[in-house]
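Enquirer: First the structure, then my questions, so here it is.
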Amino acid sequence: MNNIVFSFSIRFIVLVLVQVLILNHINFLGNINPYLYVIFICLFPVSNNRLLFLLLSFLLGLTVDLFSDSGGVHAAASVTIAFIRPVVLKFCFGSVYEHQTIKFKNVDFGAKTIYFTILVLAHHIILFSLEIFNLSKILLILQKTLFSGIFTILLCLVTSIIFSRKT
């Protein structure tokens, strides 16, 4: 149990540091900015306490907000995708999720890609909608969601491939 808590604490800290020290300073073409920290929410173990998961998602988003001076938009987007995650898991993985036997390192690449895509795009649409908060700029919201989303999805897939340990 202590190993698991230590492992997730290290992941949490490393993802926040990578996000705020490196990735927040990438502003490619004015619209592309990756948000790798969402991989913590995506890959969090399914069988753990839901309330703890929502709290950790909130703390993750709030920590990124504090370092980014973004007023809570990351916390709102993180909690939202943490809340809808069970529905997305059931949609992407079906009966494997129903029986609580899902292991992200053993799932199909296609199912993992769809899973990351849904959660990342949901996160980004909420994030940029709250950040811009102007319905007349819907095209800008969609453009930032699409381009940052593609970059974030690719980064999440590469990271999950690099750090997955198949047995």
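The values are calculated or read from the model by the stated rules, or taken from the named source; none is laboratory data. Predicted model only: the values in this text are computed from it and were never measured. Counting neighbours? That spans all protein chains shown, and the Cβs are built from the backbone with ideal geometry, glycine included.
Enquirer: Looking only at residues that are within 14 Å of Ser68 (Cα to Cα) and in a loop (DSSP other than H, G, I, E, B) in region 1-35, which one is nearest to the chain's Cα centre (by Cα)?
Expert: For region 1-35, the residue satisfying everything is Tyr35.
Enquirer: Can you tell me which of Ile81, Ile41, Ile26 is within 28 Å of Lys144 (Cα to Cα) and in contact with a strand residue (DSSP E or B) (Cβ under 8 Å, 6 or more places away or on another chain)?
Expert: Ile26
Enquirer: Also: Answer with yes or no whether Gly71 is of a type in the set (Gly, Ala, Ser) and under 19 Å from Val20 (Cα atoms).
Expert: Answer is yes for this residue.
Enquirer: Now, a different point. Could you count how many residues in region 49-82 are basic (Lys, Arg) and either buried (at least 16 other Cβ atoms within 10 Å of the Cβ) or closer than 20 Å to Glu131 by Cβ (or both)?
Expert: 0
Enquirer: Moving on to the next point. List the number of the failed condition for Cys92; all other conditions in (1) closer than 20 Å to Cys156 by Cα; (2) in contact with a helix residue (DSSP H, G or I) (Cβ under 6 Å, 6 or more places away or on another chain); (3) outside any loop (DSSP other than H, G, I, E, B); (4) modelled with pLDDT of 90 or more hold.
Expert: (4)
Enquirer: Shifting gears a bit: If the requirement is being without any contact (Cβ under 8 Å) to a residue 60 or more places away in the chain and under 12 Å from Cys42 (Cα atoms), which of these qualifies: Ile153, Ile162?
Expert: Result: Ile153 is the single residue among Ile153, Ile162 that is without any contact (Cβ under 8 Å) to a residue 60 or more places away in the chain and under 12 Å from Cys42 (Cα atoms).
Enquirer: Select from region 13-32 the residues that are modelled with pLDDT of 90 or more and touching a helix residue (DSSP H, G or I) at 6+ places or on another chain (Cβ under 6 Å) and write down the one among them that is nearest to Ser164 (Cα to Cα).
Expert: Filtering first and then ranking leaves Leu15.
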